[in-house]
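Below: one structure, written as structure tokens.
All of the numbers you see were taken from the coordinates with simple rules; none came from a lab. Model, not experiment: these values are computed from the prediction. We place every Cβ from the backbone using ideal geometry, glycine too, and count neighbours over all the protein chains shown.
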Amino acid sequence: MAKDWTKIWEKYKGLWVALDEDEETVLGAGKTVREALEEAKKKTDKTPYLTRMPEKLVAYVGVL
């Protein structure tokens with residue numbers, strides 16, 4: 001099932017985010033992957049899911 005990251009995006013625009021295995025709980029965030037990961041390691045021993053939130057949401061329609 002698709003996850004709605006709208007609320008996460010609103011708070012963490014342009015930042016790297018470390019998410020828990022539910023892919024909704026933010027464990028850490030930062031300007032770099034390292035910052036997000038270090039913050040997450042303070043909260044859990046598990047390897048978080050890392051992703052970068054875009055600066056802005058832009059619709060894309062592809063054409064073949």
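For a protection proxy built on the mean count of beta-carbon atoms within 10 angstrom, sort 41-54, 18-31 highest first, please.
18-31, 41-54
Let me know the charge dipole size of region 12-52 about its Cα centre in debye, to the nearest 20, where only the beta-carbon of Lys, Arg (+1) and Asp, Glu (-1) is charged.
The calculated dipole for region 12-52 is roughly 300 debye.
Compute the relative contact order of the chain as a whole-number percentage, counting only Cα pairs closer than 8 Å that sit 6 or more residues apart in sequence.
So the answer I get is 33 percent.
Where a Cα-Cα gap under 16 Å defines reach, which lysines qualify for K13, not counting those fewer than 8 residues away within the same chain?
K31, K56
Just the projected area, averaged over all directions, of the convex hull on the alpha carbon atoms of the chain: how many nm²?
For the chain, averaging the hull's shadow over all directions gives 5.4 nm².
Where a Cα-Cα gap under 18 Å defines reach, which aspartates and glutamates qualify for K7, not counting those fewer than 8 residues away within the same chain?
Hits, sequence-local ones excluded: D20, E21, D22, E23, E24, E55.
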